[in-house]
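The values are calculated or read from the model by the stated rules, or taken from the named source; none is laboratory data. The model shown is predicted, which means the values in this text are computed figures rather than measured ones. So basically every Cβ, Gly included, is an ideal-geometry build from the backbone, and we count neighbours across all protein chains shown.
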Amino acid sequence: MDLGPRGDTSMSGQELTENELPEDTLTAEGGYGARRVFRENWLFDRLPQDINDSLTDIQKEAIRKVIDDPSWSRPPVNIRFSLPLFFRRYYLTLVGGTEQRGPDRRAQERHEYPLRSAANIFFFVGLATLFYVLVILGMAAYRAIIAG
């Protein structure tokens, strides 16, 4: 595993995703995990070069501390999967845990991401339809077994 000039993790020039990086990989900085380096570089690599060059070491370290903030830990329920439907792939994410957002942020996100949107309504109607179809099929199979 090579570490490029900015600490980027690659193997023979091929970029890796975060999931492909071992957690305990040591880096040139002497002990930072490979996932941390990936997150840092992902952020710094997305910044315009002039802004990245203008950041002081103190500012970069402050950003690194925010990235490693333990309050941003993974939630206890974290279900993510991808579904191939109608020649496209769709993803579904279910995340749950103890609420840690403040009331102002909750209100802002309720406004930005309303529950009653057309896509959410279609999703819940489709989910309910699928549930009822499965129940009806289950009842029909049960009835066929008992009557058979």
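Details
- Considering the conditions (1) of a type in the set (Val, Ile, Thr); (2) assigned by TED's automatic domain parsing to the domain that holds Ala119; (3) not in a strand (DSSP E or B), Thr93 is excluded by exactly one of them, (3).
- Yes/no for Ile136 being of a type in the set (A, V, I, L, M), modelled with pLDDT of 90 or more and assigned to a strand (DSSP E or B): no
Results for (1) surrounded by 10 or more Cβ atoms within 10 Å (Cβ to Cβ); (2) under 17 Å from the mean Cα position of the chain (by Cα), shown as yes or no for each residue.
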position: Asn78; (1), (2): yes, yes
position: Phe87; (1), (2): no, no
position: Tyr91; (1), (2): no, yes
position: Gly97; (1), (2): yes, yes
position: Asp104; (1), (2): no, no
position: Gln108; (1), (2): yes, no
position: Pro114; (1), (2): no, no
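- Residues in region 67-76 that are surrounded by fewer than 10 Cβ atoms within 10 Å (Cβ to Cβ) and in a helix (DSSP H, G or I): Pro70, Ser71, Trp72.
- As a summary of the residue check, Arg36 satisfies the conditions (1) over 30 Å from Asn120 (Cβ atoms); (2) among the basic types (Lys, Arg); (3) modelled with pLDDT of 80 or more except for the one numbered (3).
- Considering Asp104, Asp45, the condition of being over 30 Å from Gly126 (Cα atoms), assigned to a helix (DSSP H, G or I), modelled with pLDDT of 85 or more and charged (D, E, K, R) is satisfied by Asp104 alone.
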